[in-house]
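Every read-out reported here was derived from the displayed coordinates using simple, explicitly stated rules and does not represent laboratory data. Only a predicted model underlies this, so the values are computations on that prediction, with no experimental measurement involved. Please note: Cβ atoms are built from the backbone with ideal geometry, for glycine as well, and neighbour counts cover all protein chains shown.
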């Protein structure tokens, strides 16, 4: 499978995520809207963690984020549980570094196996290509959430 389109799509998504980090005041990035469990910073970090988990962990490979980063942004986590605010610069850097690493790993053939995985939305992913498409879709959902948060905060 040629992943060029998906890589370029992911860079576009990540640029938009970075724009939220760069153009949103810190108090808005950290505010949790009424009725929600997370904030804008969590939405952004969660995109990175989910892509890493869906593509690397399920392929039997090590994620390219720290354990603390993973804990802060994994599915089911919440900023309400944070003991300290995650490093925003680390989040910002991960937006590009994880795509660069993914591109290199895809080109080198690092993804050799994939254990079928059923997502929380009920979609079964059978290989890394399907995981990549789903991951980009998932990040689009979170971009939509960010736009809603921006409007209500």
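Computed from the alpha carbon positions, the gyration tensor of the range 50-113 leads to an equivalent ellipsoid with semi-axes of 24, 14, 7 Å, biggest first. Based on Cα atoms of the range 69-153, Rg over Rh with Rh as the Kirkwood radius reads 1.00.
When peptides 119-132, 79-92 are sorted by average Cβ neighbour count within 10 Å, with the highest value leading, the order is 119-132, 79-92. Highest mobility in the GNM of the chain, judged by mean-square fluctuation with C-alpha springs under 10 Å and restricted to 13, 44, 75, is found for 75.
Between helix 40-55 and the chain there is an angle of about 10 degrees, using the helix long axis and the longest principal axis of the Cα atoms. Helical runs assigned H by DSSP (4 residues or longer) give the chain a calculated mean residue ellipticity at 222 nm of -20500 deg cm²/dmol, each run adding -39500 (n - 2.57) before division by the residue total. Computed from Cα atoms, the angle from the helix 128-152 axis to the main principal axis of the chain rounds to 10 degrees.
Between residue 37 and residue 151, the distance separating the two model label sites (each 7 Å from Cα on the Cα→Cβ line) works out to 2.3 nm.
Please give the helix 4-23 orientation as an angle from the longest Cα principal axis of the chain, in degrees from 0 to 90, rounded to the nearest 10. Approximately 10 degrees, to the nearest ten.
Geometric descriptor of the chain, per residue, is 105 Å³ (volume of the convex hull of the Cα atoms). Multiplying the residue separation of residue 83 and residue 104 by 0.36 nm and removing their Cα-Cα distance gives an extension gain of 4.1 nm.
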